[in-house]
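This report refers to the structure that appears directly beneath it.
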Amino acid sequence: MAEWREEGKAEIVPGVLFIDEVHMLDIECFSFLNRALENEMAPILVVATNRGITTIRGTNYKSPHGIPIDLLDRLLIISTQPYTEDEIHKILEIRCQEEEVEMTESAKHLLTKIGVETSLRYAIHLITAAALACQKRKGKAVDLEDINRVYNLFLDVKRSTQYLMEYQSQYMFSDTVEADEDETNAMVS
């Protein structure tokens, strides 16, 4: 490659390396990235994380975003803010258009409220599910009943966690299973 580049037969264009959940990388990965960024063909590095001060994997050290300080020093940090209710509503409208889902205004407002209370990702997933529920009832546009139906069928993170906490004893390897096994063993004996 170097020979072709010198002869003008090839041109090496550095790329962009995007790493989401960068806090999941360990110290060896960060060492590799540090070396890669010193290369003349270094990529543009974009990393994303939602962590605050956390342990750098593979070490006992804590650092902002779980990124070693020497690499963090090289980064330009861009702060982000949560979406407003109006922004969530607009994003959901655009997503409905992209997925070619007809939805009533009242359904969009309910979906926006769900997005604000749970997450935008969860609300976006409900669009397709609600469209299928609407199709099943032979409706022309997704309405409140379709949103309510899929909201009750598919749990968001908070409701799922609450459900697991309530029924954890009925799942394998829960802490309360040992007590249940002791009772079962006592009855068998």
Anything in region 120-145 that is out of contact with any Phe, Trp or Tyr (no Cβ under 7 Å at 6 or more places or on another chain) and surrounded by 17 or more Cβ atoms within 10 Å (Cβ to Cβ)? List them, or say none. Y122, A123, I124, I127, A130, A131, A133, C134, V142, D143
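May I ask you to verify whether S160 is in contact with a helix residue (DSSP H, G or I) (Cβ under 9 Å, 6 or more places away or on another chain), modelled with pLDDT under 95, part of a helix (DSSP H, G or I) and small (G, A, S)? It would help to see each step written out before you state the result.
Values: in contact with a helix residue (DSSP H, G or I) (Cβ under 9 Å, 6 or more places away or on another chain): no; modelled with pLDDT under 95: yes; part of a helix (DSSP H, G or I): yes; small (G, A, S): yes.
Taking the combined requirement at face value, the residue does not satisfy it.
Within region 14-33, identify whether any single residue is surrounded by 14 or more Cβ atoms within 10 Å (Cβ to Cβ), of a type in the set (D, E) and at pLDDT 90 or above, and answer yes or no. Even if it seems obvious, please write down each step before you answer.
Keep residues of region 14-33 that are surrounded by 14 or more Cβ atoms within 10 Å (Cβ to Cβ), which gives 17, 19, 22-23, 25, 29-31, 33.
After this cut, where a residue has to be of a type in the set (D, E) as well, the list is none.
Within region 14-33, not a single residue is surrounded by 14 or more Cβ atoms within 10 Å (Cβ to Cβ), of a type in the set (D, E) and at pLDDT 90 or above.
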Which condition does T112 not pass, out of (1) polar (S, T, N, Q); (2) in a helix (DSSP H, G or I); (3) at pLDDT below 95, if it passes all the others? (3)
Number of positions in region 52-65 that are under 16 Å from F32 (Cβ atoms), part of a loop (DSSP other than H, G, I, E, B) and not hydrophobic (A, V, I, L, M, F, W, C): 2
Scanning region 89-119 for residues that are acidic (D, E) and surrounded by fewer than 12 Cβ atoms within 10 Å (Cβ to Cβ), the one farthest from V150 (Cα to Cα) turns out to be E98
When you scan region 67-88, do you find a residue that is surrounded by 14 or more Cβ atoms within 10 Å (Cβ to Cβ), within 25 Å of Y122 (Cβ to Cβ) and in contact with a helix residue (DSSP H, G or I) (Cβ under 8 Å, 6 or more places away or on another chain), even just one? yes
What about I56, is it farther than 20 Å from I78 by Cβ, surrounded by 10 or more Cβ atoms within 10 Å (Cβ to Cβ) and either modelled with pLDDT under 90 or touching an Asp or Glu at 6+ places or on another chain (Cβ under 7 Å) (or both)? no
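The values are calculated or read from the model by the stated rules, or taken from the named source; none is laboratory data. Since the structure is predicted, the reported quantities are computational estimates derived from the model, not experimental observations. Using ideal geometry, Cβ is built from the backbone for each residue, glycine included, and neighbour counts are taken over all protein chains shown.
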